[in-house]
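Here the structure is laid out as structure tokens; the discussion comes afterwards.
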Amino acid sequence: MLISSLVVASHFFDQCHIQATAKGYIAAPSTYQEFPYGFVFYQSLIDNVSQDQVYLARPWREHGACTFIDSTFKGKFEDMRYEAWDKSVFRFKESPYVSAPLSEALSQEEREQLFCYLKLNMPSFPGNDYNPK
């Protein structure tokens, strides 16, 4: 399974159940440098139902960005979690953080900034129902 987009703005996945059924990547964000966020998975279930090699994300281009917030991971995922795919600049973040060489923890301040950005820039964002804490 691969979620990819040639649309380079932010994409918000809210409480999704995503199943990996074969070898691959959950996401391949194509984020341009000027966009602060790419794919954001919020309270989602990411489920590898296969026995195959599955990564959470890899950048489609330089600056690809993917963030997982309060999501649950079920099944076996690659220990590296992410792959660089010959790109030198990318942004992979998680909260809560699972240590991996290519990603970093989403700080509380970054989390609050992300939710403010979503509320301002995404017409379909649920708004005040979301608490960034």
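Quick look at the numbers
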read-out: Check on residue 87, touching a residue at least 12 places away in the same chain (Cβ under 8 Å), in a loop (DSSP other than H, G, I, E, B) and under 23 Å from residue 23 (Cα atoms); value: yes
read-out: Residue tally, condition of a type in the set (S, T, N, Q) and under 27 Å from residue 113 (Cα atoms), over the stretch 17-40; value: 3
read-out: Search result, residues across the stretch 30-71 that are in contact (Cβ under 8 Å) with a residue 60 or more places away in the chain and under 18 Å from residue 86 (Cβ atoms); value: 31
read-out: All strands (runs of 3 or more DSSP E) inside the stretch 1-76 with 3 or more residues being modelled with pLDDT under 95 and surrounded by fewer than 22 Cβ atoms within 10 Å (Cβ to Cβ); value: 11-14
read-out: Number of positions in the stretch 41-89 that are under 21 Å from residue 118 (Cα atoms), β-branched (Val, Ile, Thr) and touching a Gly at 6+ places or on another chain (Cβ under 9 Å); value: 1
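The values are calculated or read from the model by the stated rules, or taken from the named source; none is laboratory data. Computed from a prediction, not measured in an experiment: that's the story for all the values here. All Cβ positions, even for glycine, are placed from backbone atoms using ideal geometry, and neighbour counts span all protein chains on display.
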